[in-house]
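Since every read-out is calculated from the coordinates, none of them should be taken as a lab result. Here the structure is a predicted model, which means the values were calculated and not measured. Don't worry about glycine lacking a Cβ; one is built from the backbone with ideal geometry, like all the others, and counts go over all protein chains shown.
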Amino acid sequence: MLKIETFENESLIFNFTGDWERTTQRAYEGNYSYGSKNISHSQESNAYLTVTTDYIEFYWYVSSESSYDYFEFYIDGNREIRQSGTSGWNKFSKSLTKEEHTFHWKYYKDGSVDRGDDRAYIDNLILNIGESRYFIEDEGVLKVWNGTNQQYDVVQIIDEQTQELVDLTPDKLTDEIFLNYGMETLKVSRAGLVDLRPKIYYFTNEDEIVNQPEGFCLKLIETVKSLPKIVVENTGRILEQTISSITIDDTVSGTGDLQYALSKDKNTWYVFDTTNKVWQVVDITNDTDFAAKGMRKEDFEVITEAHYEEIFKVGDELYLAFRFYKGEETDECKFKGVKINYTSPLDIII
């Protein structure tokens, strides 16, 4: 979680040590920055900060005798900046390994001559500190986002007694499980979720949030465009002959998706398993089941007349169920029509 120290408030966010101080002499933004102490010849002024982080960013400024009086910055004893003269404001940023780091800002003078402010400054210090993790409870089990499957999946952990994999439930939560299995961010999606109002479990080790929970706000935004929409036809098509094939005309773009299921009574819904060449029942009210089994228009190309005869007879009604999913607002996901091809043309008497 990124935290920014602007030095505008007398009470600083980070626990600096050393002799640097807030000053209005210069500032990148606002009125204050953090500057080296006023020193004389052959002296130095230092600021230190030790914190667990994986990222640091700040702006720095030095005004001194060129080539003699220097501003330096160190990370864990390794020098990252060394500059003298008048620099103007410069930005420094660096990604680090997530562990404890010691940052050291230093300004020092040689034995003679004063130039400019004779100081160094930093402003708008940003550090990524603290750990935050999330789980979503759905139907009594905890889930996290699976980037490969593009949905929320159940988390499984090893049971200490049986040494077998079991579903993670809220009663098994510990700080260690949060840190090892929890999500760092929440994916804006309902894919893989069944409950209409799933619970969110949040973990943080930041003292500021724990000690002042009234100052913490978790804002969740989920737009309608990301929600799967399931539509069922009200009126079926009466089958006048044996079905030879069905052709679907639709348009899908981007991350959008359009899936289908078939029924003859709107109670039992079928989809065709193109791998095993068999029909299977799908629960269209369960988005996870529909998303996993639902047919797409190309799947209809492998269904034969014999397969259709297993489900549909002449005189039956045929209904379509659609699962629309738009990942982004610009995605197109449109059903245009369906064509039922019969085994023989109908006799028409004019």
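Values computed for the structure shown
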{"quantity": "Distant-in-sequence amide H partners of Arg119 (H built 1.01 Å from N, under 5 Å)", "calculated": "Ser63"}
{"quantity": "Helix-only [θ]222 nm of the chain, DSSP H runs n ≥ 4, -39500 (n - 2.57) each, per residue, nearest 500", "calculated": "-1500 deg cm²/dmol"}
{"quantity": "Cα centroid separation - region 287-319 against region 8-57, whole Å", "calculated": "69 Å"}
{"quantity": "Dipole in debye (nearest 20) - region 253-306, about Cα centre, beta carbon charges: Lys, Arg +1; Asp, Glu -1", "calculated": "80 debye"}
{"quantity": "Burial ranking of peptide ranges 5-17, 122-134 (average Cβ count within 10 Å, highest at the top)", "calculated": "122-134, 5-17"}
{"quantity": "Label assignment, percent of Cα pairs over 36 Å apart derived from the structure, set [x] 26; [y] 42; [z] 51", "calculated": "[z]"}
{"quantity": "Candidates Asp110, Asp257, Asp138, ranked by Gaussian network fluctuation over the chain, Cα under 10 Å, top entry", "calculated": "Asp110"}
{"quantity": "Among Phe203, Tyr342, Leu186 - extreme Cα towards positive end, dipole of the chain, charges at beta-carbon", "calculated": "Tyr342"}
{"quantity": "Only Lys, Arg (+1) and Asp, Glu (-1) charged, at Cβ; the chain dipole about Cα centre in debye", "calculated": "880 debye"}
{"quantity": "Peptide ranges 54-60, 91-97 listed from the most packed, as the mean C-beta count within 10 angstrom indicates", "calculated": "54-60, 91-97"}
{"quantity": "Cα gyration tensor shape for region 229-342, rounded if a/c is under 1.5, else prolate or oblate", "calculated": "prolate"}
{"quantity": "Highest to lowest packing among 169-177, 66-74, scored as the average C-beta count within 10 Å", "calculated": "66-74, 169-177"}
{"quantity": "Filter on Lys293/Lys334; Lys313/Lys339; Lys94/Lys143 - keep pairs with C-alpha separation over 26 Å", "calculated": "Lys94/Lys143"}
{"quantity": "Rounded to the nearest 20 debye, dipole of region 228-338 from Cβ charges on Lys, Arg, Asp, Glu", "calculated": "140 debye"}
{"quantity": "Furthest towards positive pole of dipole, Pro170, Val155, Thr6, structure part the chain, Cβ charges", "calculated": "Thr6"}
{"quantity": "Rel. contact order, % - alpha carbon contacts under 8 angstrom, at least six apart, the chain", "calculated": "15 percent"}
